[in-house]
Amino acid sequence: MSAALSNDAASQLKALYAEMQPRSLYPLWEVLSALVTPKPRSPAQVHRWSYADARDYLLRAGDLISAAQAERRVLIMENPGLPGTSSATSSLYAGLQLILPGEIAPCHRHAQCALRFVMEGEGAFTAVDGEKAVMRPFDLVLTPGWQWHDHGNTSTQPMIWLDGLDIPTVLHFDASFAEHLPTAAHPETVPPGDTALRYGKNMRPLRGTAADRRQGRQPLFHYPYAEWRESLLNLARTGEPDPHFGHALEFINPADGGAVMPTISAHVRLLPGGFTSRPRASTDGTIFVVVEGRGSARVEGQDIPLEERDTLVIPSWREMVLQADTDLVLFGYSDRVAQEKLGLFRELRG
Ligand code: 1HN
(Lines give C-alpha, C1' and ligand atoms only; values in the text may rest on other atoms or scores of the structure.)
Protein backbone atom coordinates (compact mmCIF):
# COMPACT_ATOMS: atom_id res chain seq x y z
CA MET A 1 0.00 0.00 0.00
CA SER A 2 1.46 3.41 -0.89
CA ALA A 3 -0.87 6.45 -0.51
CA ALA A 4 -2.02 7.24 3.05
CA LEU A 5 -5.60 6.44 4.08
CA SER A 6 -7.86 8.55 6.24
CA ASN A 7 -8.16 7.35 9.85
CA ASP A 8 -11.74 6.45 9.17
CA ALA A 9 -10.96 4.32 6.11
CA ALA A 10 -8.06 2.67 7.95
CA SER A 11 -10.21 1.63 10.89
CA GLN A 12 -13.01 0.39 8.59
CA LEU A 13 -10.47 -1.65 6.62
CA LYS A 14 -9.19 -3.23 9.85
CA ALA A 15 -12.74 -4.26 10.70
CA LEU A 16 -13.19 -5.62 7.19
CA TYR A 17 -9.99 -7.75 7.52
CA ALA A 18 -11.25 -9.13 10.84
CA GLU A 19 -14.56 -10.11 9.24
CA MET A 20 -12.91 -11.76 6.21
CA GLN A 21 -10.29 -13.72 8.10
CA PRO A 22 -12.60 -16.56 9.29
CA ARG A 23 -13.50 -17.07 5.60
CA SER A 24 -9.80 -17.34 4.69
CA LEU A 25 -9.77 -14.11 2.69
CA TYR A 26 -6.98 -11.54 2.99
CA PRO A 27 -6.07 -8.21 1.36
CA LEU A 28 -3.23 -8.56 -1.13
CA TRP A 29 -2.35 -4.86 -0.83
CA GLU A 30 -1.03 -5.44 2.68
CA VAL A 31 1.48 -8.08 1.59
CA LEU A 32 2.16 -7.47 -2.10
CA SER A 33 5.56 -5.84 -1.66
CA ALA A 34 6.80 -8.79 0.41
CA LEU A 35 5.49 -11.32 -2.11
CA VAL A 36 6.75 -9.73 -5.31
CA THR A 37 10.15 -8.32 -4.47
CA PRO A 38 12.31 -6.38 -6.93
CA LYS A 39 15.05 -8.93 -6.29
CA PRO A 40 15.39 -12.19 -4.35
CA ARG A 41 15.31 -11.87 -0.56
CA SER A 42 16.14 -15.34 0.66
CA PRO A 43 15.73 -15.91 4.40
CA ALA A 44 18.56 -18.45 4.07
CA GLN A 45 21.92 -17.38 5.48
CA VAL A 46 25.47 -17.81 4.34
CA HIS A 47 26.84 -20.60 6.51
CA ARG A 48 29.89 -22.85 6.80
CA TRP A 49 30.05 -26.22 8.53
CA SER A 50 33.51 -27.29 9.62
CA TYR A 51 34.06 -30.93 8.70
CA ALA A 52 36.04 -31.78 11.84
CA ASP A 53 33.19 -30.62 14.12
CA ALA A 54 30.42 -32.40 12.21
CA ARG A 55 32.49 -35.58 11.89
CA ASP A 56 32.95 -35.75 15.63
CA TYR A 57 29.19 -35.55 16.32
CA LEU A 58 28.48 -38.06 13.56
CA LEU A 59 30.92 -40.62 15.00
CA ARG A 60 29.34 -40.12 18.44
CA ALA A 61 25.93 -40.85 16.90
CA GLY A 62 27.55 -43.94 15.37
CA ASP A 63 28.24 -45.28 18.87
CA LEU A 64 24.57 -44.88 19.82
CA ILE A 65 22.44 -45.88 16.83
CA SER A 66 23.09 -48.33 13.98
CA ALA A 67 22.56 -47.54 10.30
CA ALA A 68 19.79 -50.17 10.19
CA GLN A 69 18.04 -48.66 13.25
CA ALA A 70 18.28 -45.15 11.86
CA GLU A 71 17.50 -46.29 8.27
CA ARG A 72 19.92 -43.50 7.31
CA ARG A 73 22.37 -42.27 9.97
CA VAL A 74 22.65 -38.68 8.87
CA LEU A 75 23.28 -35.27 10.45
CA ILE A 76 21.20 -32.66 8.64
CA MET A 77 23.06 -29.47 7.75
CA GLU A 78 20.16 -27.08 8.29
CA ASN A 79 20.50 -23.48 7.23
CA PRO A 80 20.28 -21.27 10.36
CA GLY A 81 17.98 -18.92 8.41
CA LEU A 82 15.53 -21.76 7.63
CA PRO A 83 14.92 -23.30 11.08
CA GLY A 84 12.72 -26.39 11.27
CA THR A 85 12.83 -26.99 7.51
CA SER A 86 15.74 -29.46 7.22
CA SER A 87 16.86 -27.31 4.27
CA ALA A 88 20.29 -25.97 3.34
CA THR A 89 18.87 -23.66 0.68
CA SER A 90 15.19 -22.96 0.02
CA SER A 91 15.09 -25.84 -2.49
CA LEU A 92 17.86 -28.25 -1.46
CA TYR A 93 18.89 -30.41 1.44
CA ALA A 94 22.38 -31.35 2.66
CA GLY A 95 23.42 -33.93 5.25
CA LEU A 96 26.41 -35.98 6.33
CA GLN A 97 25.91 -39.73 6.41
CA LEU A 98 28.00 -42.32 8.27
CA ILE A 99 28.19 -46.03 7.49
CA LEU A 100 30.39 -48.09 9.77
CA PRO A 101 32.23 -51.26 8.69
CA GLY A 102 29.80 -54.15 8.26
CA GLU A 103 26.70 -51.96 8.18
CA ILE A 104 23.94 -51.81 5.60
CA ALA A 105 21.58 -48.90 4.97
CA PRO A 106 18.46 -50.73 3.75
CA CYS A 107 17.10 -50.53 0.22
CA HIS A 108 14.41 -47.99 -0.55
CA ARG A 109 13.33 -45.61 -3.28
CA HIS A 110 11.66 -42.24 -3.30
CA ALA A 111 10.58 -39.45 -5.60
CA GLN A 112 13.45 -37.28 -4.33
CA CYS A 113 16.67 -37.14 -6.37
CA ALA A 114 19.88 -37.61 -4.39
CA LEU A 115 23.60 -37.25 -4.86
CA ARG A 116 26.42 -38.51 -2.66
CA PHE A 117 29.75 -36.72 -2.46
CA VAL A 118 32.27 -38.80 -0.57
CA MET A 119 34.11 -37.07 2.29
CA GLU A 120 36.21 -39.92 3.67
CA GLY A 121 36.65 -43.69 3.63
CA GLU A 122 37.07 -46.06 0.77
CA GLY A 123 35.38 -49.26 -0.30
CA ALA A 124 31.78 -48.81 0.83
CA PHE A 125 29.21 -48.98 -1.94
CA THR A 126 25.99 -47.43 -3.06
CA ALA A 127 23.89 -49.80 -5.15
CA VAL A 128 21.44 -48.22 -7.61
CA ASP A 129 18.85 -50.61 -9.04
CA GLY A 130 21.16 -53.47 -8.07
CA GLU A 131 24.41 -52.10 -9.50
CA LYS A 132 27.14 -51.29 -6.98
CA ALA A 133 29.37 -48.23 -7.21
CA VAL A 134 32.41 -48.68 -4.96
CA MET A 135 33.09 -45.26 -3.50
CA ARG A 136 36.32 -43.34 -2.91
CA PRO A 137 36.91 -39.85 -1.48
CA PHE A 138 35.39 -37.04 -3.58
CA ASP A 139 33.56 -39.41 -5.94
CA LEU A 140 30.12 -38.21 -7.01
CA VAL A 141 27.40 -40.88 -6.99
CA LEU A 142 23.82 -40.23 -8.11
CA THR A 143 20.57 -41.81 -7.01
CA PRO A 144 18.01 -40.29 -9.36
CA GLY A 145 14.36 -40.21 -8.30
CA TRP A 146 12.48 -43.51 -7.89
CA GLN A 147 15.55 -45.75 -8.31
CA TRP A 148 16.14 -48.42 -5.67
CA HIS A 149 19.22 -47.71 -3.58
CA ASP A 150 21.01 -49.22 -0.63
CA HIS A 151 24.44 -48.63 0.89
CA GLY A 152 26.85 -51.05 2.52
CA ASN A 153 30.28 -50.82 4.04
CA THR A 154 32.37 -53.91 3.41
CA SER A 155 35.61 -52.03 4.21
CA THR A 156 37.34 -51.72 7.56
CA GLN A 157 36.96 -47.94 7.96
CA PRO A 158 34.04 -45.62 8.64
CA MET A 159 32.66 -44.09 5.47
CA ILE A 160 31.24 -40.56 5.44
CA TRP A 161 29.62 -38.75 2.57
CA LEU A 162 27.53 -35.70 1.93
CA ASP A 163 23.96 -36.39 0.82
CA GLY A 164 22.45 -33.71 -1.43
CA LEU A 165 18.73 -34.05 -2.14
CA ASP A 166 15.89 -32.00 -3.61
CA ILE A 167 13.71 -32.66 -0.53
CA PRO A 168 12.40 -29.07 -0.12
CA THR A 169 11.57 -28.92 -3.85
CA VAL A 170 9.56 -32.17 -3.71
CA LEU A 171 7.83 -31.00 -0.52
CA HIS A 172 6.99 -27.70 -2.21
CA PHE A 173 5.17 -29.62 -4.97
CA ASP A 174 3.57 -32.07 -2.47
CA ALA A 175 4.90 -34.87 -4.67
CA SER A 176 6.71 -37.15 -2.20
CA PHE A 177 6.38 -40.92 -2.61
CA ALA A 178 8.60 -43.55 -0.99
CA GLU A 179 8.69 -47.30 -0.53
CA HIS A 180 10.90 -50.00 0.96
CA LEU A 181 12.14 -53.19 -0.55
CA PRO A 182 11.16 -56.15 1.67
CA THR A 183 14.82 -57.29 1.69
CA ALA A 184 17.61 -55.07 3.07
CA ALA A 185 19.67 -55.18 -0.12
CA HIS A 186 18.60 -55.19 -3.77
CA PRO A 187 19.71 -58.32 -5.65
CA GLU A 188 22.85 -57.62 -7.68
CA THR A 189 21.52 -57.23 -11.23
CA VAL A 190 24.75 -56.37 -13.05
CA PRO A 191 28.43 -56.39 -12.05
CA PRO A 192 29.88 -53.23 -10.41
CA GLY A 193 30.91 -50.60 -12.96
CA ASP A 194 28.68 -52.02 -15.71
CA THR A 195 27.04 -48.74 -16.75
CA ALA A 196 30.38 -46.91 -16.78
CA LEU A 197 31.83 -49.60 -19.07
CA ARG A 198 28.85 -49.30 -21.39
CA TYR A 199 28.07 -45.59 -21.33
CA GLY A 200 31.14 -43.93 -19.80
CA LYS A 201 32.92 -43.26 -23.10
CA ASN A 202 30.77 -40.47 -24.48
CA MET A 203 28.30 -42.78 -26.23
CA ARG A 204 24.67 -43.58 -25.54
CA PRO A 205 22.35 -46.33 -26.68
CA LEU A 206 20.86 -45.57 -30.11
CA ARG A 207 17.21 -46.08 -29.50
CA GLY A 208 13.99 -44.10 -29.30
CA THR A 209 13.67 -40.35 -29.41
CA ALA A 210 15.33 -37.64 -27.33
CA ALA A 211 12.16 -37.57 -25.19
CA ASP A 212 12.39 -41.36 -24.59
CA ARG A 213 16.01 -40.97 -23.50
CA ARG A 214 15.06 -38.31 -20.98
CA GLN A 215 12.42 -40.66 -19.53
CA GLY A 216 14.86 -43.55 -19.22
CA ARG A 217 17.24 -44.47 -16.43
CA GLN A 218 20.12 -42.01 -16.07
CA PRO A 219 22.81 -44.23 -17.62
CA LEU A 220 25.77 -43.01 -15.56
CA PHE A 221 25.60 -42.68 -11.80
CA HIS A 222 29.24 -42.78 -10.69
CA TYR A 223 31.64 -39.93 -11.49
CA PRO A 224 34.96 -40.91 -9.85
CA TYR A 225 37.24 -38.20 -8.43
CA ALA A 226 40.22 -39.59 -10.37
CA GLU A 227 38.34 -38.95 -13.62
CA TRP A 228 36.78 -35.56 -12.96
CA ARG A 229 40.03 -34.28 -11.43
CA GLU A 230 41.98 -35.26 -14.53
CA SER A 231 39.49 -33.42 -16.75
CA LEU A 232 39.67 -30.34 -14.54
CA LEU A 233 43.49 -30.31 -14.46
CA ASN A 234 43.63 -30.71 -18.23
CA LEU A 235 41.19 -27.83 -18.65
CA ALA A 236 43.34 -25.67 -16.38
CA ARG A 237 46.54 -26.62 -18.22
CA THR A 238 45.39 -25.35 -21.58
CA GLY A 239 43.17 -22.33 -20.96
CA GLU A 240 42.69 -19.12 -19.00
CA PRO A 241 40.40 -19.30 -15.96
CA ASP A 242 36.96 -17.75 -16.34
CA PRO A 243 37.10 -14.52 -14.27
CA HIS A 244 33.98 -15.51 -12.26
CA PHE A 245 34.29 -19.31 -11.98
CA GLY A 246 37.95 -20.13 -12.47
CA HIS A 247 38.29 -23.39 -14.42
CA ALA A 248 34.89 -25.07 -14.11
CA LEU A 249 33.20 -28.19 -15.44
CA GLU A 250 29.61 -29.34 -15.07
CA PHE A 251 28.72 -33.01 -14.55
CA ILE A 252 26.28 -34.09 -17.26
CA ASN A 253 23.78 -36.82 -17.98
CA PRO A 254 25.19 -38.48 -21.12
CA ALA A 255 21.68 -39.41 -22.27
CA ASP A 256 20.80 -35.81 -23.08
CA GLY A 257 23.87 -33.67 -22.32
CA GLY A 258 21.90 -31.85 -19.61
CA ALA A 259 22.31 -31.56 -15.86
CA VAL A 260 22.81 -34.78 -13.88
CA MET A 261 19.24 -34.86 -12.54
CA PRO A 262 16.00 -32.98 -13.28
CA THR A 263 16.23 -30.81 -10.15
CA ILE A 264 19.96 -30.73 -9.32
CA SER A 265 22.96 -29.39 -11.24
CA ALA A 266 26.48 -30.23 -10.08
CA HIS A 267 29.89 -28.85 -11.01
CA VAL A 268 33.51 -28.69 -9.97
CA ARG A 269 35.90 -25.76 -10.27
CA LEU A 270 39.59 -25.13 -9.83
CA LEU A 271 40.86 -21.71 -8.80
CA PRO A 272 44.63 -21.41 -9.26
CA GLY A 273 46.60 -20.32 -6.16
CA GLY A 274 46.59 -16.50 -5.94
CA PHE A 275 43.41 -16.20 -8.09
CA THR A 276 40.63 -13.86 -6.94
CA SER A 277 37.32 -14.22 -8.77
CA ARG A 278 35.19 -11.33 -9.99
CA PRO A 279 32.04 -10.90 -7.87
CA ARG A 280 29.02 -12.92 -9.02
CA ALA A 281 25.49 -13.46 -7.76
CA SER A 282 22.95 -15.98 -9.09
CA THR A 283 19.45 -17.11 -8.22
CA ASP A 284 20.55 -20.69 -7.57
CA GLY A 285 21.55 -20.95 -3.92
CA THR A 286 24.54 -23.29 -3.93
CA ILE A 287 26.10 -25.80 -1.55
CA PHE A 288 29.87 -26.13 -1.90
CA VAL A 289 32.34 -28.69 -0.58
CA VAL A 290 36.04 -27.80 -0.41
CA VAL A 291 37.88 -30.68 -2.07
CA GLU A 292 41.48 -29.43 -2.17
CA GLY A 293 43.37 -26.39 -0.98
CA ARG A 294 42.71 -23.28 1.06
CA GLY A 295 41.11 -19.93 0.41
CA SER A 296 38.17 -17.79 1.38
CA ALA A 297 34.76 -16.65 0.23
CA ARG A 298 33.85 -12.98 0.66
CA VAL A 299 30.08 -12.48 0.93
CA GLU A 300 28.33 -9.36 2.26
CA GLY A 301 31.55 -8.02 3.75
CA GLN A 302 32.19 -11.26 5.63
CA ASP A 303 35.33 -13.31 4.92
CA ILE A 304 34.67 -17.03 5.30
CA PRO A 305 37.79 -19.20 5.49
CA LEU A 306 37.67 -22.36 3.39
CA GLU A 307 39.46 -25.55 4.40
CA GLU A 308 39.40 -29.06 3.04
CA ARG A 309 36.05 -30.85 3.44
CA ASP A 310 34.25 -27.78 4.78
CA THR A 311 30.70 -27.29 3.48
CA LEU A 312 29.57 -23.79 2.57
CA VAL A 313 26.10 -22.64 1.60
CA ILE A 314 25.56 -19.44 -0.41
CA PRO A 315 21.86 -18.54 -0.74
CA SER A 316 20.27 -16.99 -3.82
CA TRP A 317 21.49 -13.59 -4.96
CA ARG A 318 24.35 -13.11 -2.47
CA GLU A 319 27.31 -11.65 -4.29
CA MET A 320 30.38 -13.80 -3.73
CA VAL A 321 34.09 -13.33 -4.38
CA LEU A 322 36.27 -16.42 -4.11
CA GLN A 323 39.92 -16.18 -3.27
CA ALA A 324 42.38 -19.05 -3.60
CA ASP A 325 45.42 -19.09 -1.27
CA THR A 326 46.61 -22.35 -2.83
CA ASP A 327 45.08 -24.17 -5.81
CA LEU A 328 41.50 -24.47 -4.62
CA VAL A 329 39.13 -27.18 -5.88
CA LEU A 330 35.42 -26.92 -5.06
CA PHE A 331 32.44 -29.16 -5.72
CA GLY A 332 29.05 -27.43 -5.85
CA TYR A 333 25.40 -28.33 -6.40
CA SER A 334 22.32 -26.18 -6.88
CA ASP A 335 18.83 -26.10 -8.39
CA ARG A 336 20.06 -24.23 -11.48
CA VAL A 337 18.65 -26.81 -13.91
CA ALA A 338 15.17 -26.58 -12.36
CA GLN A 339 15.23 -22.77 -12.43
CA GLU A 340 16.38 -22.79 -16.07
CA LYS A 341 13.44 -25.04 -17.02
CA LEU A 342 11.07 -22.66 -15.22
CA GLY A 343 12.59 -19.56 -16.84
CA LEU A 344 13.70 -18.20 -13.45
CA PHE A 345 17.48 -18.49 -13.48
CA ARG A 346 19.44 -15.22 -13.47
CA GLU A 347 22.98 -14.21 -12.68
CA LEU A 348 24.82 -10.95 -12.18
CA ARG A 349 28.47 -10.82 -13.13
CA GLY A 350 30.31 -7.92 -11.57
C1 1HN B 1 18.06 -40.99 1.66
O2 1HN B 1 17.39 -41.88 0.93
C3 1HN B 1 19.41 -41.15 1.90
O4 1HN B 1 19.55 -43.11 0.59
C5 1HN B 1 20.09 -40.21 2.63
O6 1HN B 1 21.27 -42.53 1.73
C7 1HN B 1 19.46 -39.13 3.15
C8 1HN B 1 17.45 -37.88 3.51
C9 1HN B 1 16.10 -37.74 3.33
C10 1HN B 1 15.40 -38.64 2.58
C11 1HN B 1 16.02 -39.71 2.00
C12 1HN B 1 20.12 -42.35 1.36
C13 1HN B 1 18.11 -38.96 2.96
C14 1HN B 1 17.39 -39.87 2.20
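Scanning segment 146-168 for residues that are over 22 Å from E103 (Cβ atoms) and open to solvent by 20 Å² or more (accessible area, probe 1.4 Å), which turns out modelled with the lowest pLDDT?
Checked segment 146-168; the qualifying residue modelled with the lowest pLDDT is W146.
Condition check ((1) over 17 Å from the mean Cα position of the chain (by Cα); (2) farther than 30 Å from T283 by Cβ; (3) within 10 Å of the ligand (Cβ to nearest atom)) across all residues:
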position	(1), (2), (3)
L75	no, no, no
P83	yes, no, no
L98	yes, yes, no
P106	yes, yes, yes
M119	no, no, no
A124	yes, yes, no
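Looking at this structure, is V46 modelled with pLDDT of 95 or more, buried (at least 17 other Cβ atoms within 10 Å of the Cβ) and aliphatic (A, V, I, L, M)?
yes
Can you find a residue in segment 288-301 that is part of a loop (DSSP other than H, G, I, E, B) and more than 20 Å from V268 (Cβ to Cβ)?
Step one: of segment 288-301, the residues part of a loop (DSSP other than H, G, I, E, B) are 293-294, 300-301.
Filter once more, so that each one left must be more than 20 Å from V268 (Cβ to Cβ): 300-301.
Yes, some residue in segment 288-301 is part of a loop (DSSP other than H, G, I, E, B) and more than 20 Å from V268 (Cβ to Cβ).
Could you please find all residues in segment 53-67 being touching a residue at least 12 places away in the same chain (Cβ under 8 Å) and open to solvent by 70 Å² or more (accessible area, probe 1.4 Å)?
Initially, segment 53-67 is screened for residues touching a residue at least 12 places away in the same chain (Cβ under 8 Å), giving 54-55, 57-59, 61-62, 66-67.
Of everything in segment 53-67, those that are touching a residue at least 12 places away in the same chain (Cβ under 8 Å) and open to solvent by 70 Å² or more (accessible area, probe 1.4 Å) turn out to be R55, Y57.
Looking for whichever is near the ligand (Cβ under 10 Å from one of its atoms) and β-branched (V, I, T) here; the options are I160, I167. Which one fits? Before you say what the answer is, go through the steps one by one.
On the way: I160 fails: near the ligand (Cβ under 10 Å from one of its atoms).
Within the list I160, I167, the selection yields I167.
Would you list the helices (runs of 4 or more DSSP H) that sit entirely within segment 14-76 and hold 3 or more residues that are within 24 Å of T311 (Cα to Cα)?
51-64
Select, from R207, R237, R198, the only residue that is in a helix (DSSP H, G or I) and over 25 Å from Y333 (Cα atoms).
Numbers: R207 fails: in a helix (DSSP H, G or I); R237 fails: over 25 Å from Y333 (Cα atoms).
Criteria check complete, one pass: R198.
Counting just the residues of segment 170-194 that are over 23 Å from the mean Cα position of the chain (by Cα) and not in a loop (DSSP other than H, G, I, E, B), which one comes out farthest from the ligand (Cβ to nearest atom)?
D194
Among the candidates H149, H180, which residue alone is over 27 Å from V290 (Cα atoms) and touching a residue at least 24 places away in the same chain (Cβ under 8 Å)?
It is H180.
L232 fails exactly one of the following numbered conditions: (1) assigned to a helix (DSSP H, G or I); (2) over 30 Å from G350 (Cα atoms). What is the number of that condition?
(2)
The values are calculated or read from the model by the stated rules, or taken from the named source; none is laboratory data. This structure is a prediction, so every number in the text was calculated from the model and none was measured. Neighbour counts run over all protein chains shown; Cβ positions are idealised from the backbone, glycine included. Calculation scope for accessible area: heavy atoms of the full protein, side chains included, ligands and nucleic acids excluded. Shrake-Rupley method; radii C 1.70, N 1.55, O 1.52, S 1.80 Å.
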